[in-house]
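The values are calculated or read from the model by the stated rules, or taken from the named source; none is laboratory data. As the structure is a prediction and not an experimental result, all values here were calculated from the model. Virtual Cβ from ideal backbone geometry, glycine too; neighbours counted across all protein chains shown.
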Amino acid sequence: MLHPAFPILLIAVAAPAAAALGGGAGQRDGTLLAQMTIHERVIIRLPRMGAARAAIPAPVRYKEKKGPKCVAAADLGGALIQTPGAVDLVMNGGKRLRARLDKDCGPLDYYGGFYLRPAADGQVCAGRDVIRMRSGASCGIATFKTLVPAK
């Protein structure tokens with residue numbers, strides 16, 4: 001990381017050299033004008049997880065049960081892609097729902113993120129609302145299913 005005074009020191013060193021080279025260019029009333037651009041690059045390094053550090057838990061299998069017609073948008077906490085043709089929604093508090101998508105939806109890219117726009121009632125409803133991808137594509141929500149861990 002650069003010292004905070006580095007740009008000032010660089011100008012102080014560059015000013016006499018610029019005056020000697022430039023002559024009258026950039027000077028007004030004995031004042032030297034100069035411009036400097038500073039570029040920074042931040043690199044974040046993440047350690048690779050080794051087998052000895054932590055065991056990866058087995059994925060949890062879920063079974064679908066009858067779900068609600070609508071869910072409150074304020075209760076949505078996150079989303080996962082686990083099944084083709086569906087988006088798993090993690091609700092605040094840990095409950096999970098699966099939004100089954102319309103049959104006419106092709107393989108759309110949800111990995112770049114997506115949007116759910118709740119209606120004026122603050123609800124996201126099956127048969128009414130759609131999931132919109134960042135790419136501009138959209139897909140209707142056919143049903144919601146409640147997910148419970150399989151035994």
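Values computed for the structure shown
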item	result
Residues being at pLDDT 85 or above, assigned to a loop (DSSP other than H, G, I, E, B), more than 21 Å from residue 134 (Cβ to Cβ) and out of contact with any helix residue (DSSP H, G or I) (no Cβ under 6 Å at 6 or more places or on another chain) - total across the range 75-112	3
Residue, nearest to residue 69 (Cα to Cα), within the range 126-151, restricted to residues that are part of a strand (DSSP E or B) and touching a Pro at 6+ places or on another chain (Cβ under 9 Å)	144
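Quick grid of which residues meet (1) polar (S, T, N, Q); (2) crowded, with 16+ Cβ neighbours inside 10 Å:
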site	(1), (2)
68	no, no
77	no, no
81	no, no
88	no, yes
99	no, yes
117	no, no
135	yes, no
139	no, yes
